[in-house]
Amino acid sequence: MALSSKPISSLNEDLFHSLPLIRRITSGLSRIYEPVSIGAIFASQGSGRTSLLNLCRSFAESDPLTIDHKITFWIPPFESWKLAGIGNLTTALLWHIHRSLPEVAARDEKVLYKLGRISVALSALSSPSLSSCPNGTSEPSRNMEIINKTLPPERKSQVSSIFSAYEQIDELAGTFQNFGKKICELCGFDTIVTPIDDLDKCSPEQTVSLLIALRTLIRCDSFSFLIAADRDILARHLNASNYLSRKQALNGILTFFDDWITIPVPPLRNVLKNIDFPVSIKEQFLTSAETVGLTRFVSGCSSVQRACRRFEQFIYGEGVDDSSTIDDYLAWFGWFLIAEDNPSVVNALATHYNVEHLFRELREGAVKSIKTAGRSRKEVSSRISFDTRPIAQSKDVPSAAKTLVNPDSSVMRYLECMFSRMSDQNLAKRLKEVIPFI
């Protein structure tokens, strides 16, 4: 099999031509030109963001000269969701950084001492809860006694009892700055990059607490952080109390980052090129798929990958042999795309009592929608419906509709592409063959 559901780690496996994005990310995080202390890769789950994290790390380690001779040490990605249920996520991140350091730094006494001070300070500065109190305010839970003890005398002001927490935050930022400098001095690094994966899988409180910690507490010149997450989910976490509008939350989440990218929708042809066809028709298939338009409608990264992966699994099955034509492959591929876009439509078609008759109705509706400029598309679509019962008696509605196909939907566009080349009988037969794989 050529396609895999697991994240990739080599540029040779990259289907999306990600090298320009990788160069931008690595150059920013290595503090070249415009330094990036906290960067983000925004994408939905399953769209390849973990793969992009791996590719950035692989690129920086294999070709360090391309990033201006900066010695950048990439720590393995911190899988935040695996440790989210144990305790403070920021403390877990520090533990992950420490265990990933070279031995010369991980065992150094000064590094261990600074790390211990930071851990104690973080436990005292437990982040405020996002849940509202009965009076409508958010009450932080902080151990002021520990905070006062951890502050050195020269850092305490005359009003330290009031401002202890704020003084501790300032002290903690300075300690973390020295912590990073000491590690870089011991190991000969210029920058330490820490990828953080799947932050959107954590609870709203943990997610926002870690973002605030990165922005205010542990931000320094020696460390860079790269977060991979879904921007919409992060925005919902930030707006857990529903004080902001959706637009305000989406813009607000960007204030935590110095730079960000959004993974684009992958070129479908690039993904299809990596499918190993059992017969020598790959180029003919790619050309035909583009000619009929099946590759033009793409709903998202993850759906493209799943459709292509299922299509590949299917063509390696027993039902495909040397006698299968290009039209057969196009029909199979089209059904997998429709199934990813709207599985309920495929289920309705598969259970229809006369699917070939339904295809004729759909085909006629598609033609009339083009020829009848004076009629509304709603009027035409009223004749297009799915039902498992016989045709109704009404003259206006030919069938009692349970599921309607919107003429402007991507499902109808896929079907119109398939109608241009395939017969109703062939489409019905190919549909029955792919049902077990959907």
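Here the label points at N242 and R23, each 7 Å from Cα along the C-beta direction, are separated by 4.8 nm in the simple model. A DSSP coil position with no more than 15 other Cβ atoms inside 10 Å describes the following chymotrypsin sites (Phe, Trp or Tyr not before Pro) in the range 189-247: Y243.
Note on K282 and W81: the extension gain reaches 68.3 nm, defined as 0.36 nm multiplied by sequence separation minus the Cα-Cα distance.
Checking the cross-link pairs K201/K273; K201/K247; K82/K247; K273/K432 against a 28 Å limit on the alpha carbon distance flags K201/K273; K82/K247 as lying beyond it. When the surface is traced with a 1.4 Å probe over the full set of protein chains, K282 keeps roughly 50 Å² accessible. For the range 316-362, the share of accessible area belonging to carbon and sulfur comes to 44 percent (1.4 Å probe, ligands and nucleic acids excluded).
Think of a 1.4 Å ball rolled over the protein heavy atoms: the range 219-265 then has 51 Å² of accessible area per residue.
The values are calculated or read from the model by the stated rules, or taken from the named source; none is laboratory data. Keep in mind that this is a model prediction, so the values were computed, not measured. Methodologically, a virtual Cβ is constructed for each residue, glycine included, from the backbone with ideal geometry; neighbour enumeration extends over all protein chains shown. Heads up: the accessible areas ignore ligands, DNA and RNA and are worked out on the full protein's heavy atoms, side chains in. Shrake-Rupley method; radii C 1.70, N 1.55, O 1.52, S 1.80 Å.
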